[in-house]
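Right, one structure below, let's go through it.
The values are calculated or read from the model by the stated rules, or taken from the named source; none is laboratory data. Keep in mind it's a predicted model, so treat the numbers as computed, not measured. Virtual Cβ from ideal backbone geometry, glycine too; neighbours counted across all protein chains shown. For the accessible areas, the whole protein counts, side chains as well, though only heavy atoms, and no ligand, DNA or RNA atoms are used. Shrake-Rupley method; radii C 1.70, N 1.55, O 1.52, S 1.80 Å.
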Protein chains: 2
Amino acid sequence: MALNLGLLLLLFYSSYSCCLSFSESATGLGSSSLRFEEKPNFVILLMDDMGWGDLGVFGEPSKETPNLDQMAAEGMLFPDFYSANPICSPSRASLLSGRLPIRNGFYTTNKLGHDAYTPQVIVGGIPDEEILLPELLQKHGYRNKIIGKWHLGQQPQYHPLKHGFDEWFGAPNCHFGPFDDKKTPNIPVYKDADMVGRYYEDFLIDRKTGESNLTQIYIKEATSFIEAQTTKGQPFFLYWAVDATHEPVYASRDFLGTSRRGLYGDAVRELDSGVGEILATLQRLGVDKNTLVFFTSDNGAATYAKTNGGSNGPFLCGKQTTFEGGSREPTIAWWPGHISPGQVSKQTGSLMDFFSTFLDLASIPAPADRAIDGISLRSALLHSNVTDRPIFYYRGDLLMAARLGQYKAHLWTWTNGLEEYHKGIDFCPGENVEGLTTHKQTNHTDSPLLIDLGADPGEKYIIKPHSSVYRKEMPAILEAVSKHLSGLKPGVPQLNWCDSAVMNWAPQGCEKLGRCLPAPKSQPYKCVWPH
Amino acid sequence: MALNLGLLLLLFYSSYSCCLSFSESATGLGSSSLRFEEKPNFVILLMDDMGWGDLGVFGEPSKETPNLDQMAAEGMLFPDFYSANPICSPSRASLLSGRLPIRNGFYTTNKLGHDAYTPQVIVGGIPDEEILLPELLQKHGYRNKIIGKWHLGQQPQYHPLKHGFDEWFGAPNCHFGPFDDKKTPNIPVYKDADMVGRYYEDFLIDRKTGESNLTQIYIKEATSFIEAQTTKGQPFFLYWAVDATHEPVYASRDFLGTSRRGLYGDAVRELDSGVGEILATLQRLGVDKNTLVFFTSDNGAATYAKTNGGSNGPFLCGKQTTFEGGSREPTIAWWPGHISPGQVSKQTGSLMDFFSTFLDLASIPAPADRAIDGISLRSALLHSNVTDRPIFYYRGDLLMAARLGQYKAHLWTWTNGLEEYHKGIDFCPGENVEGLTTHKQTNHTDSPLLIDLGADPGEKYIIKPHSSVYRKEMPAILEAVSKHLSGLKPGVPQLNWCDSAVMNWAPQGCEKLGRCLPAPKSQPYKCVWPH
């Protein structure tokens, strides 16, 4: 596997492990006395391909997200919050493991620095060796539910109930389709371990109008779960992984045509309303002060989907790229009585921080036998403190960029290849920053491109290497990079092999429904990842 | 003068005058009973070259404008609010006259569709025939003060006290310099009719560090004026036209180095703090419920200034252009007790609406002998109603684009010429929308380029002419354009002639100070407007 960072970086290599260090440092900060109950509830409201710029509070001009804007007014906004990866499956694997995809195996070595995920044909998935957040919470008395998209593997051994969740309502993959159930089976929808139907057959999405009541189902699943646990006084973790803003975008009838932004905006409005319902349920049941809720998204908006995709606000490019538009997430924390209302955090955060934060707040020790990339945000949430920490922007197996403080160094640049681009697949529509939005994978490790994300969040102005700011800021970033790489033990890559036989032909439960489909013979092949 | 809109548009011409009609329609809507005092006070907080994306509430990632964000939380946000022109002098002339530059004379015919303003050598200025908002307010018992930049003409006959203001503290022009007082005099600073000093001589701006206490002076001028009028029970109009965010950007010592965004952000932070002081003064004096305050900016952020300029958020290009980045303004209305807190208006507004709105609220009849382009926002402010109205985007003498509802038609496109662009003057850094950000003045009047500003506020996706949405939306826009042009009587162009003799050599009051400079012989020449 190529981690080609050039001789310059090799000079900085040391045996010091940055990530455990950051984790420890954060734990140290989080030593304030607990004012909340011993086992607070945790909710993650994870959006799919929603962009930083899709919320009113983050500057969407139509301002159609009153519930999320209200959530921010009552909670804490994180303008500098990052995905662990610019695409879905690796980002979600990192969220639940607290570890970068390069560690948990959610990457490919088929092609240097190419994005990979878990389509229906993928053979791999989340390895048993990875310890997921729900597993640890479960061991300490939590009841965990995932609603919506799993995306950590199609095969049964990778499913949520094998990895710490007690309940599941949703699907292993995106709501792609409709398929013919001959060449490709429609994606199954599960209730816990058993299939209860399939997209486009039992769970309808009208591809012409975009109508579907899936989000309403997911909202009901969430409020029912919260109500059931609350009645029993049962600590819970709810992972609400809804997908209405992922192509094909959908919304239910009541929301269709209500947004100035078109169908995509209709979907945002329905999700916004769902967030409102979930927070209101927590308040109605009197558990809001004992429930930490995070709202965020899995990666940047899919700019290649044009107006069917979301907005990354002032940020460059989108999903699939390691520019800010691909990685910066619209993030809000809400915990009445503990997080002061109306705060804007200066903490640089990551989806991987949920892992460390929740464990810290529930007094559950983090695994000590492995590097954890998340840090606990306890001190940021409760005391508005800021912990210095780097952000590493990977694409597949390649470290493309690193941020420290408000500076970002691009070690490599790439959007996508010219052949794909000329076919109309554009990750940076209307944008063209010379030297940055390259259509060739370009190696800058001998003189990384420096950006001041404070003055230039849109990454338009590359700072000159002979400038004083470059000489001042670059060494610290490169030191963080070398520390990171020197302590890195890449996991076994999970996204190299594909096979039509592993598709969802006969999911568990299909017998009871009389809906099993015949699987083809196994013919594994190396997955093709075009960008 | 060329108003080249092609044969297609000529077909729509009629004798109907759209703008009077819109004005009347708005008056009709504003018939609710007054709950405020007969003569409410008015305050306009006008920023200079500040962009839509510079406020936290409009999505600036560092969120460094707590006072403005609070003003929005207590008032009404206008995400769809427009300048009357993408540069300073014409925009300001329109704000005070309620009329487009093409009517009030703030344009040039030296070159088709070129931006012009009032540099120190300009011969023209605001014509006596134009009736300015302060003139009408003054006649009806208001006391008016302008603090900061006037920009409606250098020569004494054009100065504020000749056009309805009772008091002035500020300058006729930008704080350019330092000059040598030989080839070019430094810009004078006036107190009322007399010069009290000059920039860089008496009013310091350190061009190396950016330090200047000018904003603090302007804040003190504002609070003192408010206090003086309030003590007397005197209705007032305060026009706070500060300029710290115009190049050369400046901030006072307490704010230098406090922003993550650099000097530009320091200036924004100081202005934000000034807004906080002004609103707090109104509250302390108990006149907040009788004072309507608008915050806005004169044009889009100067993107060509790179990180010394502001941010236009998700919008395309900036100052000098008729893309959204050049014209969309960060606008907040604040009037405790009358405007409900936390509102987001769906009204498409314009700087010219201040004219009609203030007259309406003060029960002063608008001039009936001329077209007024502003509409009264009374109904939008007090009842959250929405009035349909077009927005016309001019560059010099050329109508470049028109917006109606959420759709915008580009009749012409242009950024700047290639020669200038290759010298590094870039109005659209990092942006390149094929067919839109052209470096040639391109005439699209036979098939205007349609943009859906709801789904595509960044103007990235041109809607195809054969699409149903194009066929549905374009006729109404073209009808509004033809109505506008058919009723249009262009004013005498004021920005054609320049002359070194009219510069600020010997402003009134210079004798008392012993600071008069010898003027050169008059040699008028046609001003050169490069873009």
Worksheet item: Looking at A:GLU479, is it in contact (Cβ under 8 Å) with a residue 12 or more places away in the chain and within 14 Å of chain B (Cβ to nearest Cβ)?
Response: no
Discussion item. Condition (residue is away from chain A (no Cβ under 14 Å), in contact (Cβ under 8 Å) with a residue 40 or more places away in the chain and touching an Asp or Glu at 6+ places or on another chain (Cβ under 6 Å)) applied to the range B:225-240: is it met by at least one residue?
Written reply: no
Fill in: Residue tally, condition assigned to a loop (DSSP other than H, G, I, E, B), in contact (Cβ under 8 Å) with a residue 24 or more places away in the chain and among the β-branched types (Val, Ile, Thr), over the range A:245-303
3
Fill in: Where B:GLY487 falls short, out of the listed (1) open to solvent by less than 40 Å² (accessible area, probe 1.4 Å); (2) touching a residue at least 60 places away in the same chain (Cβ under 8 Å); (3) within 24 Å of B:GLY326 (Cβ to Cβ); (4) touching a helix residue (DSSP H, G or I) at 6+ places or on another chain (Cβ under 7 Å)
(3)
Worksheet item: Just to be sure, is A:GLY318 of a type in the set (Gly, Ala, Ser), buried (at least 24 other Cβ atoms within 10 Å of the Cβ) and either within 14 Å of chain B (Cβ to nearest Cβ) or assigned to a loop (DSSP other than H, G, I, E, B) (or both)?
Response: yes
Response to the item:
With criteria (1) closer than 20 Å to A:PRO61 by Cα; (2) among the small types (Gly, Ala, Ser); (3) more than 11 Å from every other protein chain (Cβ to nearest Cβ), A:GLY310 comes up short on (3)
Worksheet item: So which residues in the range B:58-70 are surrounded by fewer than 24 Cβ atoms within 10 Å (Cβ to Cβ), in a helix (DSSP H, G or I) and in contact (Cβ under 8 Å) with a residue 24 or more places away in the chain, if there are any at all?
Response: B:PRO66, B:ASN67, B:GLN70
Item to complete: Among the numbered conditions (1) away from chain B (no Cβ under 12 Å); (2) open to solvent by 10 Å² or more (accessible area, probe 1.4 Å), tell me where A:PHE295 comes up short.
Response: (2)
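Quick check on my filter: what residues within the range A:252-268 are over 20 Å from the mean Cα position of the chain (by Cα) and under 14 Å from A:MET47 (Cβ atoms)? Talk me through it step by step, then tell me what you get.
Residues of the range A:252-268 over 20 Å from the mean Cα position of the chain (by Cα): A:252-263, A:265-266.
The one that is over 20 Å from the mean Cα position of the chain (by Cα) and under 14 Å from A:MET47 (Cβ atoms): A:GLY265.
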Worksheet, complete the sentence: When B:SER32 is run through (1) open to solvent by 10 Å² or more (accessible area, probe 1.4 Å); (2) small (Gly, Ala, Ser); (3) at pLDDT 95 or above, the failure sits at (3)
Worksheet item: Is the range B:442-458 home to any residue that is within 14 Å of chain A (Cβ to nearest Cβ), without any contact (Cβ under 8 Å) to a residue 40 or more places away in the chain and not hydrophobic (A, V, I, L, M, F, W, C)?
Response: yes
Discussion item. Return the residues of the range B:336-364 that are among the aliphatic types (A, V, I, L, M) and outside any loop (DSSP other than H, G, I, E, B); say none if nothing qualifies.
Written reply: B:VAL344, B:LEU359, B:LEU361
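Please determine, by comparing only the residues of the range B:227-251 that are open to solvent by 40 Å² or more (accessible area, probe 1.4 Å) and of a type in the set (D, E, K, R), which one is nearest to B:GLU64 (Cα to Cα).
Within the range B:227-251, the first condition is being open to solvent by 40 Å² or more (accessible area, probe 1.4 Å), and the residues that meet it are B:227-228, B:231-234, B:247.
From what is left, the residues that are of a type in the set (D, E, K, R) are B:227, B:232, B:247.
Working: B:GLU227: 28, B:LYS232: 36, B:GLU247: 20 Å.
Among those residues, the one meeting the criterion is B:GLU247.
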Practice prompt. With the checklist (1) touching a Leu at 6+ places or on another chain (Cβ under 6 Å); (2) open to solvent by 10 Å² or more (accessible area, probe 1.4 Å); (3) part of a helix (DSSP H, G or I) in hand, flag the one item B:SER482 doesn't pass.
Written response: (2)
Worksheet item: Tell me, which residue of the range A:396-433 that is among the charged types (D, E, K, R) and in contact with a strand residue (DSSP E or B) (Cβ under 8 Å, 6 or more places away or on another chain) is nearest to the other protein chains (Cβ to nearest Cβ)?
Response: A:GLU431
Discussion item. For the list (1) part of a helix (DSSP H, G or I); (2) touching a residue at least 40 places away in the same chain (Cβ under 8 Å); (3) more than 20 Å from B:PRO367 (Cβ to Cβ); (4) touching a helix residue (DSSP H, G or I) at 6+ places or on another chain (Cβ under 7 Å), I need the number of the one condition that B:SER89 fails.
Written reply: (4)
Worksheet item: Can you name the condition, by its number, that A:GLY326 falls short on among (1) more than 14 Å from chain B (Cβ to nearest Cβ); (2) within 30 Å of B:GLY318 (Cα to Cα); (3) part of a loop (DSSP other than H, G, I, E, B)?
Response: (3)
Fill in: Which numbered condition B:LEU7 misses (of (1) modelled with pLDDT under 95; (2) more than 24 Å from the chain's Cα centre (by Cα); (3) assigned to a loop (DSSP other than H, G, I, E, B))
(3)
Response to the item:
Subset of the range B:252-292, residues crowded, with 19+ Cβ neighbours inside 10 Å and under 16 Å from B:GLY51 (Cα atoms), comes to B:ARG261, B:LEU263, B:TYR264, B:GLY265, B:ASP266, B:ALA267, B:VAL268, B:ARG269, B:GLU270, B:LEU271, B:ASP272
